[in-house]
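One structure below.
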Amino acid sequence: MVLTRCSWLLLSAAFLSAGAEISITSEPAQPAEGDNVTLAVQGLSGELLAYNWYAGPTLSLSYLVASYIVSTGDETPGPAHTGREAVRPDGSLIIQGALPGHSGTYILQTLNRQFQTEVGYGHLQVYEILAQPVVMTNSTALVERRDTMRLVCSSPSPAEVRWFFNGDTLPIAVRLGLSPDGRVLTRHGIRREEAGAYQCEVWNPVSVSRSEPINLTVYFGPERVAILQDSTARTGCTIKVDFNTSFTLWCVSQSCPEPEYMWAFNGRALKNGQDHLNISSMTAAQEGTYTCIAKNPKTLLSGSASVVVKLSAAVVAMTIVPVPTRPMEGQDVTLTVHGYPKDLLVYAWYRGPASEPNRLLSQLPSGNWIAGPAHTGREVGFANCSLLVQKLNLTDAGRYTLKTVTLQGKTEMLEVELQVARE
């Protein structure tokens with residue numbers, strides 16, 4: 001008896017047996033596109049006449065890949081044959097250079113000499129080598145708390161998707177805006193801390209591909225507008241400035257992008273579009289209220305800060321008085337300073353004219369001091385600029401010079417003559 005394909009199919013329909021123990025496994029278990037795949041068969045029993053392989057969910061002629069006669073080795077392709085499949089004598093199915101389209105359910109049907117059939121089921125998943133996805137967005141520049149961010153991970157593959165922010169896995173707070181398939185990321189009322197580089201990644205068990213980063217800018221502010229002088233916040237304060245001295249006011253704020261600045265004096269706009277305002281020589285005409293206005297051209301928000309600038313009160317003349325006024329040899333004397341500058345930066349004492357070889361010591365208001373070339377180990381400075389000279393000798397008599405420097409760079413020098421009486 002010769003089995004034709006049609007008679008073999010009829011027999012299979014007539015003698016289909018239940019309780020099949022045939023199992024089908026894929027080798028390799030997770031093939032990538034282009035791999036050679038073997039659908040290996042286990043559990044075959046008895047002397048078999050023929051095999052039928054189907055690529056589909058049912059035993060339908062339209063799903064038939066190939067029929068194989070064991071005794072002759074003849075193989076007949078079916079309607080579902082793609083040109084890549086071949087049946088081996090042991091019943092296994094070889095797929096050369098498998099493609100993702102080969103994925104699905106496979107059925108092996110066997111026929112033995114008693115014209116009984118058995119079937120086995122298996123599933124093949126061929127994973128594609130993923131192309132690089134692309135992140136698309138409605139806009140890369142958004143205004144904080146006003147605009148909505150919408151990012152779409154575009155990929156032709158149905159692979160799994162995950163998102164990255166500045167190179168790290170996307171924070172949970174942002175993931176709450178993901179669509180069910182993970183491909184659309186939405187954030188209403190975006191915040192400044194969500195500005196940065198976004199990437200999406202598609203992956204499957206054999207391949208992974210990440211997009212190029214797309215950088216989002218979030219505009220905000222201006223906030224916390226303030227006026228500084230010498231790195232010190234002056235907003236809402238009154239600044240006292242010495243007559244004929246110069247100073248600079250700086251306007252700062254938290255803003256993206258950098259805001260546009262305007263200055264006003266006593267309510268009158270000044271021709272100054274910079275972040276700082278220079279006053280070159282302080283006089284009574286410069287006394288008044290200075291206001292800085294910062295405006296963000298992207299958010300259309302603005303903020304302001306003001307300070308009051310006044311002339312300082314008349315400075316008390318600085319004087320030096322020795323205590324005691326006529327010390328004796330072997331005694332201590334303090335060259336006491338009255339009216340020293342309250343905004344003192346540093347002072348220095350000299351024995352004789354104010355030159356480096358004559359410097360006794362120099363000292364900061366913090367109390368840190370540096371001995372000079374003329375220091376004998378008996379001189380001590382104080383925060384009020386006074387100088388103590390211990391255990392006087394006759395050679396300590398003579399001229400002493402005090403030099404002071406203020407925070408604004410103003411320098412003043414004052415001399416005193418010290419007399420030492422012989423014991």
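The values are calculated or read from the model by the stated rules, or taken from the named source; none is laboratory data. This is a predicted model, so every value here is computed, not measured. Neighbour counts are summed over all protein chains in view; Cβ atoms, including those assigned to glycine, are modelled from backbone coordinates with ideal geometry. These accessible areas exclude ligands, DNA and RNA; they are computed on the full protein's heavy atoms, side chains included. Shrake-Rupley method; radii C 1.70, N 1.55, O 1.52, S 1.80 Å.
When the solvent-accessible area of segment 319-418 is split by element, carbon and sulfur atoms take up 57 percent of it, the probe being 1.4 Å. Between segment 30-61 and segment 176-236, the C-alpha centres lie 51 angstrom from each other. Projection of the Cα convex hull of segment 134-212, averaged over all directions and equal to a quarter of that hull's surface, yields 5.1 nm².
Quick check: net charge around T148, other residues with Cβ under 14 Å of its Cβ, Lys/Arg +1 and Asp/Glu -1?
Values: positive: R145, R146, R150, R187, R191; negative: E144, D147, E194.
Spelling it out: positives minus negatives among the neighbours equals +2.
Each principal axis of the Cα atoms in segment 29-180 has its own extent, and those three values, largest first, are 78, 26, 25 angstrom.
Between the helical axis of 5-14 and the longest alpha-carbon principal axis of the chain there is an angle of about 90 degrees. Principal semi-axes of the equivalent ellipsoid, √(5λ) from the alpha carbon gyration tensor of segment 53-96, are 17, 11, 9 Å from largest down. Remark on segment 144-282: hydrodynamic radius 19.0 angstrom, per the Kirkwood mean of 1/r across alpha carbon pairs. Over segment 134-212, accessible surface divided per residue gives 53 Å², non-protein components excluded, 1.4 Å probe. Share of carbon and sulfur in the accessible area of segment 23-124 stands at 51%, probe radius 1.4 Å.
Cut-off under 19 Å on the C-alpha distance; same-chain residues fewer than 8 positions from K391 excluded. Which aspartates and glutamates are left, in chain and number order? List returned: E329, D332, E379, E417, E423. With all protein chains in place and ligands, DNA and RNA left out, the 1.4 Å accessible area ranks E47, E33 as E47, E33, largest first. Calculate the length of the line joining the C-alpha centroid of segment 100-149 to that of segment 268-295, in whole Å. Each part's Cα centre sits 68 Å from the other's.
Rolled with a 1.4 Å probe across the full set of protein chains, the surface gives T395 an accessible area near 110 Å².
Of C256, C251, which has the most accessible area with a 1.4 Å probe, and how do the rest follow in descending order?
Values: C256 35, C251 5 Å².
Per-residue accessible area, sorted high to low, gives C256, C251.
Rounded to the nearest whole Hz, the Karplus-based 3J(HN,Hα) values (6.51 cos²θ - 1.76 cosθ + 1.60, θ = phi - 60°) of segment 351-365 follow the sequence 9, x, x, 7, 10, 4, x, 8, 6, 7, 6, 9, 8, 8, x, with x at glycine and proline. Relative contact order, whole percent, for the chain stands at 9, derived from Cα pairs under 8 Å and 6 or more residues apart.
3J(HN,Hα) along segment 23-37, derived from phi through the Karplus expression 6.51 cos²θ - 1.76 cosθ + 1.60 where θ = phi - 60°, amounts to 10, 10, 10, 8, 10, x, 5, 10, x, 9, 4, x, 6, 7, 10 Hz, with x in place of Gly and Pro.
Only protein heavy atoms count here; under a 1.4 Å probe, S155 has an accessible surface of about 30 Å². Shape of segment 280-423 from its Cα gyration tensor (a ≥ b ≥ c, root eigenvalues): rounded if a/c is under 1.5, otherwise prolate when a/b > b/c, or oblate? Here segment 280-423 falls in the prolate category.
Counting heavy atoms of the protein chains alone, V337 has an accessible area of about 10 Å² for a 1.4 Å probe. Dividing the summed helix terms, -39500 (n - 2.57) for each DSSP H run of n ≥ 4, by the number of residues in the chain produces a 222 nm estimate of -1000 deg cm²/dmol to the nearest 500. Quick one: which of K310/K342; K271/K298; K240/K410; K240/K271 span more than 19 angstrom between C-alpha atoms? Over 19 Å apart, Cα to Cα: K271/K298; K240/K271. Each listed q (0.14, 0.24 Å⁻¹) maps to a log10 I(q)/I(0) for segment 222-311, found by the Debye formula over equal Cα scatterers with no solvent: -0.45, -1.21.
Restricting the trypsin sites (Lys or Arg not before Pro) of segment 111-178 to loop positions (DSSP other than H, G, I, E, B) with no more than 16 neighbouring Cβ atoms within 10 Å leaves R113, R145, R146. Rg and Dmax of segment 297-372, both derived from C-alpha coordinates alone, stand at 21.7, 76 Å.
Computed on the Cα atoms alone, the convex hull of the chain gives a volume of 256 cubic angstrom per residue.
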